[in-house]
Amino acid sequence: MDYESQFSQTLAQVRREGRYRVFADIVRRCGSFPQATHHTVHGEKPITVWCSNDYLGMGQSPQVIAAMHAALETAGAGSGGTRNISGTTHFHVELERELADLHRKEASLLFTSGYIANDAALSTLGNVLPGCIIFSDELNHASMIEGMRRGKAQRQIWRHNDVRHLEELLMRADPSAPKVIAFESVYSMDGDIAPIGAICALAKRFGALTYLDEVHAVGMYGPRGGGVAERDGVMQNVDIINGTLAKGFGIMGGYVAGSSKFIDVVRSFAPGFIFTTSIPPVLAAGALASVRHLKSSQVERERHQERAERLKALLREAGLPVMPSVSHIVPLLVGNPVSCKEVTDYLLEEHAIYVQPINYPTVPRGTERLRLTPSPFHDDDKMRALVAALDDAWSRLNIKRAA
């Protein structure tokens, strides 16, 4: 077989569909978020970032950076091994205690990413619960889907945020079978939010565990940043919570929180945890500082929500196709991959504004979009510049405006 030819053909198909991914080579400017430098073959160019998942700008926090510098001087660069073999430092232990406390759970477990945490935890559930059925929201993240696939559980898909459909599936299921209801709080591409309380009530009625992915909510919702479940006063009804350190907390890594026995089972059986080098102490220290700060500070959360609502209003006033969203996510519909890439290229080249196109398979075909993520540091001037640039792009490229 001509392997290189096959690789070329596969990539050519992605290019023909207009969804070939191009990475923007940028360096964020420390202390000047959301400003960055874009590196190209033609040189360097200052830009404004409008698509970062560092939602609150905590990756630029002097408090967090100071904690990371101190850890680097104390422990060095790497962790030195897997958690079982020399890779459990006191920084990891402290962070896991802090995350368990954040979610009012008995224990938590750190992973290298939220993706790996979902994959490891859900596959482990499917493998250790004989005859398990996992009821999965149809818009669950790829990491959750992968975890379910790798486990032995049967998977049943319920319509997005449709509690009645979930109830129908639960009623048809074997009453004696172990059950897990897996869903997210904030769905990151549409910006809608799950009815967590209603889902937990169903879980209790049918004897199911609840598995909630809060990666786009931790740090940003609730009085201590525990997520939407905390905000809605139902966190005590959720059995297992998945979170990330890479978005609201601004660092890197993921975790799950739940009962001590559940955490011990994942720790003991999940290959994605057992055979992976632990996150460096410097990352754990930075995340620890971020979590502790956001447990007590409301300033970032309040400003963040206000900025998101302000941007939505400005986009609507300009007649741009902003999609409905009840969260901090601001999606702008384009509708096809070629136009989506053209818009983002135009914004970067002509207006020094960086937004990454969101295409299939991240979103369904025909719903390609820009995903705008305003932070507390995107002031009114930056917002007006963005809206003017988008208005220009839509006119120049003749993009449909109706959402």
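One table, with the values for the structure above:
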read-out	value
Residue list for the range 147-174, filter: farther than 30 Å from Pro271 by Cα, touching a helix residue (DSSP H, G or I) at 6+ places or on another chain (Cβ under 8 Å) and not in a helix (DSSP H, G or I)	Arg159
Any hit, the range 105-115, residues being open to solvent by 60 Å² or more (accessible area, probe 1.4 Å) and without any contact (Cβ under 8 Å) to a residue 60 or more places away in the chain	no
Scan of the range 1-57 for residues that are part of a loop (DSSP other than H, G, I, E, B) and over 28 Å from the mean Cα position of the chain (by Cα), ordered by number	Met1, Asp2, Val41, His42
Breaking point among (1) more than 28 Å from Leu347 (Cβ to Cβ); (2) touching a Lys or Arg at 6+ places or on another chain (Cβ under 8 Å); (3) open to solvent by 10 Å² or more (accessible area, probe 1.4 Å), for Ser123	(3)
Residue check, Glu349 of a type in the set (Asp, Glu), surrounded by 16 or more Cβ atoms within 10 Å (Cβ to Cβ) and under 25 Å from Asp54 (Cβ atoms)	no
Count of residues meeting criterion [more than 21 Å from the chain's Cα centre (by Cα) and either surrounded by 24 or more Cβ atoms within 10 Å (Cβ to Cβ) or without any contact (Cβ under 8 Å) to a residue 12 or more places away in the chain (or both)] in the range 253-265	1
Within the range 211-252, tally of residues that are open to solvent by less than 10 Å² (accessible area, probe 1.4 Å), closer than 14 Å to Ser108 by Cβ and in a helix (DSSP H, G or I)	0
Of all residues making up the range 31-64, the number that are farther than 24 Å from Leu311 by Cα and open to solvent by 40 Å² or more (accessible area, probe 1.4 Å)	8
Test result for Glu309, within 19 Å of Val22 (Cβ to Cβ), open to solvent by 40 Å² or more (accessible area, probe 1.4 Å), of a type in the set (Asp, Glu) and in a helix (DSSP H, G or I)	no
Tally, over the range 383-403, of residues that are buried (at least 19 other Cβ atoms within 10 Å of the Cβ) and either touching a strand residue (DSSP E or B) at 6+ places or on another chain (Cβ under 6 Å) or part of a helix (DSSP H, G or I) (or both)	6
Of all residues making up the range 188-210, the number that are open to solvent by 10 Å² or more (accessible area, probe 1.4 Å) and either within 14 Å of Ser325 (Cβ to Cβ) or in a strand (DSSP E or B) (or both)	6
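The values are calculated or read from the model by the stated rules, or taken from the named source; none is laboratory data. Bear in mind the structure is a predicted one, so any value in this text is a computation, not a measurement. Cβ sites come from the backbone with ideal geometry, for glycine too, and all protein chains shown count toward neighbours. Ligands, DNA and RNA are excluded from the accessible area calculation, which covers all protein heavy atoms including side chains. Shrake-Rupley method; radii C 1.70, N 1.55, O 1.52, S 1.80 Å.
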